[in-house]
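Please treat every number below as a calculation from the coordinates, not as lab data. Keep in mind the model is a prediction, meaning the values are calculated, not measured. Here Cβ is always computed from backbone atoms with ideal geometry, including for glycine, and neighbour counts include all displayed protein chains.
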Amino acid sequence: MKLSHAKTLVIAVITLPLLAVAIFNTESVGMVVRVDATADLYKAKCAMCHGPTAAKAFDPAMSNEDLVQNILTGKKGEKPPYMPSYEDKGISEEQALALVVHMKDLRKPADTDPGTATNSNTTVATVDPDLEKTYKTKCAMCHGPTAAKTFDPAKNDNELVQIILKGKKGEKPPYMPGYEEKGMKNDEALGLVGYMKGLRNTTVE
């Protein structure tokens, strides 16, 4: 009996570490598969409109919740192609959130990206050329090249969007005009808000 008990103990000592390693490796593989699956999903469903680095028609300054809803329920812009609803195509909320995180990661500047460069104080990043052009032609004359004048990045995006669209009177002119009556849409105003907040934190080329 004692010999049998000793054999059982030896087998347990040998088997348990191997089992732990096997479980750990299985979990690690699962994590890799999930990341790869999100990247594959982006390439299959999103890259054709948003581009390989999510640089088109995507505002990383928006909250994850709003972006998830855009993916699930769709969104109409100024002109087609419109953002379709992917909830009825089988995309879950968890998958949509994973896509949002993946797209924001794609937009993050990296030292190895030829379109970006960093140092200890500033980040040089490539931006949407349409937003850059709009800012330079409509906004820079009052707000300055780095949005340092009469712009409060601490305000929430919706409040800043309404200021752009509806205008605002300050203590003295020149007052902020309303750009909605000049043909600007909500999406473009939101893009400008993200661009201006980016200017306050980065150097844009």
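What pairs from Lys75/Lys149; Lys56/Lys185; Lys168/Lys197; Lys56/Lys197 go past 23 Å between their alpha carbons? Walk me through the numbers on the way to the answer.
On the way: Lys75/Lys149 33 Å; Lys56/Lys185 17 Å; Lys168/Lys197 19 Å; Lys56/Lys197 18 Å.
Violating the 23 Å limit, Cα to Cα: Lys75/Lys149.
Given 0.36 nm per residue, what is the gain on full extension from Thr53 to Asp130 after removing their alpha carbon distance, in nm?
Numbers: separation 77, 0.36 × 77 = 27.72 nm, distance 1.66 nm.
Roughly 26.1 nm would be gained on extension.
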key: Tyr82 versus Thr146: modelled label distance in nm, points set 7 Å from Cα along the beta carbon direction   = 4.2 nm
inquiry  = Given points 7 Å out from each Cα along the Cα-Cβ axis, report the Lys89 to His102 separation in nanometres with one decimal.
reply    = 1.2 nm
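Which FRET efficiency, nearest 0.05, do Asp40 and Tyr175 yield, Cβ-Cβ r, R0 45 Å?
Numbers: r = 50 Å, r/R0 = 1.12.
The computed FRET efficiency comes out at 0.35.
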ask   = Using r as the Cβ-Cβ distance of Thr137 and Asn186, and R0 as 22 Å, what FRET efficiency do you calculate, to the nearest 0.05?
value = 0.70
